[in-house]
1. Name the one entry in 181, 148 that is in contact with a strand residue (DSSP E or B) (Cβ under 6 Å, 6 or more places away or on another chain) and not aliphatic (A, V, I, L, M).
2. If residue 143 satisfies every condition in (1) open to solvent by 10 Å² or more (accessible area, probe 1.4 Å); (2) at pLDDT below 80; (3) touching a helix residue (DSSP H, G or I) at 6+ places or on another chain (Cβ under 6 Å) but one, which is the exception?
3. Starting from the range 233-259, take each residue that is within 17 Å of residue 11 (Cα to Cα) and list its partners that are hydroxyl-bearing (Ser, Thr, Tyr) and in a helix (DSSP H, G or I), counting only C-beta distances under 7 angstrom and pairs at least six apart or across chains.
4. Do you know which residues across the range 68-77 are open to solvent by 60 Å² or more (accessible area, probe 1.4 Å) and of a type in the set (A, V, I, L, M)?
5. Show the residue pairs that are 6+ apart or on different chains and have beta-carbon atoms under 7 Å apart, the first residue being within the range 9-31 and in contact (Cβ under 8 Å) with a residue 40 or more places away in the chain and over 29 Å from residue 64 (Cα atoms), the second being open to solvent by less than 70 Å² (accessible area, probe 1.4 Å) and assigned to a helix (DSSP H, G or I).
6. Among 235, 216, 167, 194, which is more than 18 Å from residue 58 (Cβ to Cβ), of a type in the set (A, V, I, L, M, F, W, C) and at pLDDT 80 or above?
7. Tell me whether the range 143-166 contains one or more residues that are farther than 18 Å from residue 53 by Cβ and under 18 Å from the mean Cα position of the chain (by Cα).
Amino acid sequence: EEEREIMVLAMRKDIHQLIIQSIAPSIYGNEHIKESIMYLLFGGSHKDKGDIKIRGEMNVLIVGDPATAKSQLLQVVANISPRGLYTSGRGTSAAGLTAAVNKVEGDVWALDAGALVLADKGICCIDEIDKMNDNDRVSIHEAMEQHKVSINKAGINARLNARTAVLAAANPDFGRYDMKKTVAENISKLPVTLLSRFDLMFITRDKLEEGQDKALSSHILEIDVKKYEAINPDLLKKYIAYARGIEPILSEDAKIYLQDFYQNMRKASHRNGNDAPVSITARQLESLMRIT
């Protein structure tokens with residue numbers, strides 16, 4: 001019965017827009033972020049070539065001003081993901097995210113899995129990632145790109161699966177986002193090595209716009225009476241779990257389109273000179289493949 005319900009839903013022409021509407025409908029706007037969250041929930045195709053592996057899970061970072069519903073979005077995603085975990089940066093340690101080795105009885109040591117391992121094939125939402133301790137933040141580098149957690153402690157040598165999509169949120173260093181500075185300058189606490197592991201980055205700003213202020217205040221004040229067409233959260237969770245079993249393949253047209261885009265971006269970097277920052281790397285091309 002549930003499979004039939006999922007199939008009926010999948011045949012709707014507006015399913016793409018309906019899923020976006022069903023992700024945190026009570027949160028006003030942020031359509032582009034909700035669309036990226038949809039891609040994150042469904043995931044891409046994992047590729048194992050024997051010698052190298054290309055991850056299928058996406059990583060998304062939201063940077064922005066306070067009170068732009070970042071934390072609420074993360075909590076909603078953790079609830080509708082078939083395997084979702086929510087954690088906040090301030091109370092998160094490296095062992096809590098990856099794995100820890102603890103003494104159980106006498107001289108027996110046991111391995112305890114952390115959030116990224118427990119959310120394997122699901123989503124780990126890390127709020128306030130900028131508030132994490134630098135040493136703890138380094139531990140998530142391997143999990144985000146290799147999808148493994150290596151641990152070598154107390155005679156235990158193990159590599160645990162962490163095929164986890166990461167949805168993270170951060171506040172800018174100066175309280176509010178400064179448009180005159182780059183993303184890296186606004187969140188200087190996050191190193192470039194970590195930023196490069198995110199497939200998509202979004203900036204949410206609390207701008208002074210009369211029309212937007214009126215629409216947002218109406219949305220908040222009428223939240224009890226407004227009705228939206230949205231998929232039931234339980235059904236959406238099952239729909240995502242079912243869809244994750246499908247392995248989409250890139251069409252030839254999509255490959256040509258992505259190749260042309262990549263080459264044009266690289267040409268633009270060449271024109272700026274050899275010392276200019278590179279506008280796109282192979283890692284970003286892999287990101288585009290995942291999102292496609």
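1. After applying the criteria, what remains is 148.
2. Just one mismatch for residue 143, condition (1).
3. Once the first residue is within 17 Å of residue 11 (Cα to Cα) and sits in the range 233-259, its partners that are hydroxyl-bearing (Ser, Thr, Tyr) and in a helix (DSSP H, G or I) give 236/22.
4. none
5. Partner pairs satisfying both residue conditions: 9/15; 9/239.
6. 235
7. Within the range 143-166 (the criterion being farther than 18 Å from residue 53 by Cβ and under 18 Å from the mean Cα position of the chain (by Cα)), the answer is no, since none of the residues qualifies.
Yes or no, residue by residue, for (1) within 19 Å of residue 286 (Cα to Cα); (2) touching a helix residue (DSSP H, G or I) at 6+ places or on another chain (Cβ under 8 Å); (3) at pLDDT 85 or above; (4) open to solvent by 50 Å² or more (accessible area, probe 1.4 Å):
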{"site": "46", "(1), (2), (3), (4)": "yes, no, no, yes"}
{"site": "52", "(1), (2), (3), (4)": "yes, no, no, yes"}
{"site": "58", "(1), (2), (3), (4)": "yes, yes, yes, no"}
{"site": "66", "(1), (2), (3), (4)": "no, no, no, yes"}
{"site": "108", "(1), (2), (3), (4)": "no, no, no, yes"}
{"site": "124", "(1), (2), (3), (4)": "no, yes, yes, no"}
{"site": "137", "(1), (2), (3), (4)": "no, yes, no, no"}
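The values are calculated or read from the model by the stated rules, or taken from the named source; none is laboratory data. As the structure is a computational prediction, the values presented were derived from the model and not from experiment. Cβ sites come from the backbone with ideal geometry, for glycine too, and all protein chains shown count toward neighbours. Ligands, DNA and RNA are stripped out before the accessible areas are found, and what is left, the full protein with its side chains, is counted by its heavy atoms. Shrake-Rupley method; radii C 1.70, N 1.55, O 1.52, S 1.80 Å.
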